[in-house]
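Notes follow once the structure below has been shown.
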Amino acid sequence: MAEVIPTDRQYPKLSKATSGYLEIELFKNADLHTGYFCYNCAYFIKDHHCAIVEDTGPDVNAVESGVIEPHGLCTLWDPNEKETR
Ligand code: SF4
């Protein structure tokens with residue numbers, strides 16, 4: 001029998017540091033449809049959240065922005081086919 005994952009409850013998210021999340025200011029104005037960015041990741045929730053990584057807490061550079069930035073990235077990146085060019 002297949003295991004069913006209930007969708008009626010919140011699951012703990014990973015910390016930014018555990019996921020390898022970081023933000024690179026230089027890419028803020030880059031084309032976020034191309035490359036390894038939160039913006040075109042399947043887990044990104046517009047405008048500043050992620051389905052599997054916490055908004056708060058320090059990232060791998062000990063920076064605490066309090067959000068998931070569209071120009072951020074982490075090691076769990078998975079392409080969102082609708083946004084990736
Ligand atoms: S790359 Fe994807 S999984 Fe990682 S923080 Fe950004 S939106 Fe979330």
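Descriptive notes on the structure:
- Filtered residues of the stretch 59-72 (kept if of a type in the set (Gly, Ala, Ser), assigned to a loop (DSSP other than H, G, I, E, B) and surrounded by 15 or more Cβ atoms within 10 Å (Cβ to Cβ)): Ser65
- Total residues in the stretch 33-70 satisfying the condition of being within 15 Å of Gly20 (Cα to Cα), in contact with a Pro (Cβ under 6 Å, 6 or more places away or on another chain) and near the ligand (Cβ under 9 Å from one of its atoms): the figure is 1.
- Test: Tyr39 is among the aromatic types (Phe, Trp, Tyr) and in contact with a strand residue (DSSP E or B) (Cβ under 8 Å, 6 or more places away or on another chain): no
Yes/no per residue for (1) among the hydrophobic types (A, V, I, L, M, F, W, C); (2) out of contact with any strand residue (DSSP E or B) (no Cβ under 6 Å at 6 or more places or on another chain):
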{"position": "Asp8", "(1), (2)": "no, yes"}
{"position": "Leu14", "(1), (2)": "yes, no"}
{"position": "Ala17", "(1), (2)": "yes, yes"}
{"position": "Glu23", "(1), (2)": "no, no"}
{"position": "Leu32", "(1), (2)": "yes, yes"}
{"position": "Ile45", "(1), (2)": "yes, yes"}
{"position": "Gly57", "(1), (2)": "no, yes"}
{"position": "Val60", "(1), (2)": "yes, no"}
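- Some residue of the stretch 8-27 being touching a helix residue (DSSP H, G or I) at 6+ places or on another chain (Cβ under 6 Å) and not in a loop (DSSP other than H, G, I, E, B): no
- A single entry from Thr34, Thr56, Thr75 fulfils the requirement of being assigned to a loop (DSSP other than H, G, I, E, B) and more than 24 Å from Gln10 (Cβ to Cβ): Thr34.
- Breaking point among (1) at pLDDT below 95; (2) within 11 Å of the ligand (Cβ to nearest atom), for Arg85: (2)
- Here His33 meets each of (1) surrounded by 15 or more Cβ atoms within 10 Å (Cβ to Cβ); (2) in contact with an Asp or Glu (Cβ under 7 Å, 6 or more places away or on another chain) with one exception, condition (1).
The values are calculated or read from the model by the stated rules, or taken from the named source; none is laboratory data. Computed from a prediction, not measured in an experiment: that's the story for all the values here. Glycine gets a Cβ as well: all are built from the backbone with ideal geometry, and neighbour counts include every protein chain shown.
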